[in-house]
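These notes are about the structure you will find just below.
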Amino acid sequence: MLSAEENDLLCRVEGNAPMGALMRRHWIPACMSEEVAQPDGLPVRVRLLGEDLVAFRDSKGRLGLVDEHCPHRRASLALGRNEECGLRCLYHGWKIDVEGNVVDRPSEIYEGDRAPKPIRQKAYPCREAGGFVWAWMGPPDQMREFEPPAWAPSPAIRTSIVKMHVGCNWAQVLEGAIDSAHSSSLHTTDMVPAQVDSASATSSEWLRPSTDKAPRLRVQRTDFGFRYVAIRHPINDADTHDYLRITLFVAPFTVLIPPNNLYQLSILNIPLDDANTMFYFIAWSDGEGIDQDAWRKFCAAEVGVDLDSSFRPVRTRANNYLQDRDAMKQGSHTGITGIPNQDVAMWETMGPIADRSRERLGASDIAIVQFRRTMIEAAKKLRDGGPAIGTSPTHVPHVKLKSFEGIVPKSTQWTTLAVAEEELAFRQGVPAS
């Protein structure tokens with residue numbers, strides 16, 4: 001359980017909230033690259049940490065992320081003309097470039113030698129990698145060098161992304177990503193026990209070699225956050241082997257969940273404000289993988305079918321997430337189509353910000369407890385003048401981080417699996433628990 005004060009510290013990101021300040025010490029995904037693919041294309045509304053912004057790609061292909069509201073009379077620049085290297089407001093024609101400079105004010109007349117006073121719109125530096133546009137929203141003098149995310153170790157990586165708006169706080173969304181136990185219950189229709197050697201993907205379901213619904217969890221704190229293992233009995237050779245699924249929490253908002261035979265899996269949980277989150281589910285591979293359309297169809301997250309143009313699901317609390325009770329009688333565990341939609345139904349029905357003082361946690365919640373402890377400590381440390389978690393100059397590059405799944409002998413030390421040499425240096429004096 002958390003106190004109301006601790007819960008606020010964990011959840012709230014708007015204004016001067018310590019957690020929002022922590023988020024701003026990291027590069028934050030603003031939108032997908034495909035949303036702003038064309039120079040002089042459609043400007044895109046973006047909301048991050050309680051701020052209303054607009055993203056665009058200018059005539060030269062440069063990315064901009066600026067305050068949505070024109071500095072003149074506050075009309076929306078999302079409706080503006082993206083032309084001649086800037087966004088031009090429809091109201092009076094003021095134009096803002098990707099750096100936030102007001103470069104044209106056609107409605108103003110300046111007589112004689114009186115030069116117009118320069119005006120700057122709020123603008124955030126942008127970078128592009130792994131299918132995303134990333135923004136630095138922190139103090140300019142503390143801007144960190146951008147590094148590629150875990151799912152972009154090389155340009156050849158094939159990346160497919162699901163994007164969904166979730167109507168609740170970011171922390172309860174992220175807690176779903178690090179809750180291994182729920183997959184054996186909530187997703188049991190889609191994650192099916194089978195006689196396979198390791199997790200395998202088909203066009204309609206994921207197969208896993210275990211029927212165990214009560215995993216034993218172990219956690220190891222790290223420089224980037226923590227990793228944990230869910231230990232299950234495999235279907236075969238349970239006396240001598242364990243089925244391990246190792247998940248990484250990469251602070252402040254990334255989770256690397258165990259892969260299958262076709263693709264790796266990453267999750268981003270980006271706070272739009274205190275009570276809304278943008279959830280990204282990423283399948284990536286240096287091989288065949290899964291293409292974008294197939295991935296979105298598998299997740300029941302197709303724009304125009306399952307989501308509207310703003311990535312809001314058509315399945316909502318108001319319509320009980322289109323739950324099909326007849327399908328439940330015929331074998332569906334939830335009656336809700338798509339793994340992410342099943343998760344969203346759980347997250348949103350906790351309320352906009354879950355009241356964690358009323359929970360009753362168990363042994364399967366060890367990773368949840370570790371997440372809360374890690375992030376509350378990190379927010380307090382930053383608030384008190386310390387560095388942000390995961391920002392050490394010698395931190396492990398994210399492209400070196402990997403999750404893991406597989407059947408191994410019981411004697412295997414799980415903390416040695418899928419670990420790069422760069423990370424071993426951070427193991428000194430960091431015990432597994």
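The values are calculated or read from the model by the stated rules, or taken from the named source; none is laboratory data. This structure is a prediction, so every number in the text was calculated from the model and none was measured. No Cβ is skipped: glycine too gets one built from the backbone with ideal geometry, and neighbour counts run over all protein chains shown. Just the protein is used for accessible areas: all its heavy atoms, side chains included, with ligands, DNA and RNA removed. Shrake-Rupley method; radii C 1.70, N 1.55, O 1.52, S 1.80 Å.
Placing +1 on the Cβ of each Lys and Arg and -1 on the Cβ of each Asp and Glu in the chain, which of W295, F249, V46 has its Cα farthest towards the positive end of the resulting dipole? Towards the positive end, the residue furthest out is F249.
Rolled with a 1.4 Å probe across the full set of protein chains, the surface gives T211 an accessible area near 100 Å². Ordered from highest to lowest accessible area with the whole protein assembly present and a 1.4 Å probe, H187, H241, H233 read as H233, H241, H187. Once the Cα atoms are used to define both axes, helix 339-348 deviates from the longest principal axis of the chain by about 70 degrees. For the range 336-353, the residues whose amide N sits under 16 Å from a probe point set 7 Å from the Cα of R317 along the beta carbon direction are 342-353. When the chymotrypsin sites (Phe, Trp or Tyr not before Pro) in the range 37-135 are filtered for DSSP coil states and for at most 11 other beta-carbon atoms within 10 Å of their beta-carbon, the remaining sites are Y110.
When nucleic acids and ligands are ignored and a 1.4 Å probe is applied, E377 ends up with an accessible area of around 90 Å².
For the chain, the Cys residues with no second cysteine's beta carbon closer than 4.7 Å are C11, C31, C85, C126, C168, C299. Helical runs (DSSP H, four residues minimum) scored at -39500 (n - 2.57) apiece and divided by the length of the chain put the mean residue ellipticity at 222 nm at -4000 deg cm²/dmol.
For E288, the solvent-accessible surface computed with a 1.4 Å probe is close to 140 Å², ligands and nucleic acids excluded. Cα centroid distance between the range 10-64 and the range 169-210, in Å? Centre-to-centre (Cα) distance: 30 Å.
Quick check of the Kirkwood formula: for the range 161-313, what is the inverse mean of 1/r over all pairs of different Cα atoms, in Å? Evaluated over the range 161-313, this radius sits at 16.5 Å. Among 97-103, 317-323, the peptide with the highest mean count of other Cβ atoms within 10 Å heads the list, and the full ranking is 97-103, 317-323.
Measuring between alpha carbons in the structure, the pairs from K60/K95; K163/K400; K60/K163; K213/K410; K297/K329 lying more than 21 angstrom apart are K163/K400; K60/K163; K297/K329.
Annotation: per residue accessible area for the range 264-311 equals 35 Å², rounded to a whole number [probe 1.4 Å, protein chains only]. Computed about the Cα centre, the dipole magnitude for the range 340-433 is approximately 280 debye when only Lys and Arg (+1) and Asp and Glu (-1) carry charge, each at its Cβ. Accessible surface comparison of M375, M350, M143, probe 1.4 Å, protein chains only, largest first: the order is M350, M143, M375. Using a simple spin-label model with pseudo-atoms 7 Å out from Cα toward Cβ, R73 and Q292 lie 3.8 nm apart. Placing dummy labels 7 Å off each Cα toward the beta-carbon, the span from E422 to D326 is 5.4 nm. Classification of the range 12-98 by its C-alpha gyration tensor yields an oblate form. The axis ratio a/c (a ≥ b ≥ c) is 1.5 or more, and b/c is at least a/b.
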